[in-house]
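Take a look at the structure below.
Bear in mind that the values in this text are calculations on the coordinates, not laboratory data. A quick note: this is a predicted structure, and the numbers were derived from the prediction, not measured. We place every Cβ from the backbone using ideal geometry, glycine too, and count neighbours over all the protein chains shown.
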Amino acid sequence: MVASNHFDPQGNARMVDVSAKPVTARKATAQACVKLSAHAADVIRSGNGKKGDVLTVARLAAINATKYTSHLIPLCHTIPIESVDVDFSWQETASTNQTLRCRVTCTTTGKTGIEMEALTGASVAALTVYDMLKSVEREIEIGQVQLVEKSGGASGAFSR
């Protein structure tokens with residue numbers, strides 16, 4: 001069994017003490033994928049959704065979500081969010097469905113990582129796309145929420 005630093009020796013949940021860690025530049029990119037019909041994809045591409053431009057609203061939601069991560073994930077530290085980039089792209093698929101990739105990259109200089117902020121941003125971007133299009137299609141699927149890459153910190157670089 002792998003020990004987690006989020007538990008003390010008695011098994012109680014705790015916030016990890018990062019006070020002795022050095023401040024380093026850190027960056028993380030995460031993504032979430034939204035599978036939807038061609039019709040719903042056309043609504044996104046046209047920018048004429050009933051609630052407004054879907055991607056503009058999802059981009060703002062992702063940025064905002066990164067700033068609230070420590071309020072949503074109980075053991076996350078509050079860290080300075082120094083930049084957030086949100087990118088949307090379409091994946092080619094063999095089916096009639098379309099897949100929108102929501103990719104969020106966050107940077108900070110801090111004592112602990114920024115992966116959770118990037119993952120939260122990507123997740124909330126995908127949820128916002130759903131919210132903006134639920135009147136158009138109820139079968140939208142959100143999946144593949146994952147860390148794509150990270151750099152900085154003691155654990156070093158990671159790339160999927």
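Observations, loosely collected:
- The peptide list 29-39, 9-19, put in order of mean Cβ contacts within 10 Å with the highest first, becomes 29-39, 9-19.
- Shown for the chain is the translational diffusion coefficient from the Stokes-Einstein equation, using the Kirkwood radius over Cα pairs, a temperature of 25 °C and a viscosity of 0.890 mPa s: 146 µm²/s.
- Extending 7 Å from the Cα toward the beta-carbon at both Ala13 and Ser83 defines two label points whose distance is 3.4 nm.
- Label-to-label distance for Arg45 and Arg138 is 2.6 nm, based on points extended 7 Å past Cα in the beta-carbon direction.
- Diagonalising the gyration tensor over the Cα atoms of region 1-46 and scaling each eigenvalue by 5 before taking the square root yields semi-axes of 42, 18, 9 Å, largest first.
- Kirkwood radius and radius of gyration were both taken over the C-alpha atoms of region 80-160, and their ratio Rg/Rh is 1.04.
- Exposed-site-free run, longest, the chain (rule: GluC sites (Glu not before Pro); DSSP loop; at most 16 other C-beta within 10 Å): 1-81
- The equivalent ellipsoid of region 33-102 has semi-axes of 29, 14, 10 Å, largest first, where each one is the square root of 5 times an eigenvalue of the Cα gyration tensor.
- Inter-label distance for Asp131 and Lys21, nm, one decimal - labels placed 7 Å from Cα along Cα-to-Cβ: 2.9 nm
- Summing charges over all other residues whose Cβ lies under 14 Å from the Cβ of Arg138, with Lys and Arg as +1 and Asp and Glu as -1, gives -2.
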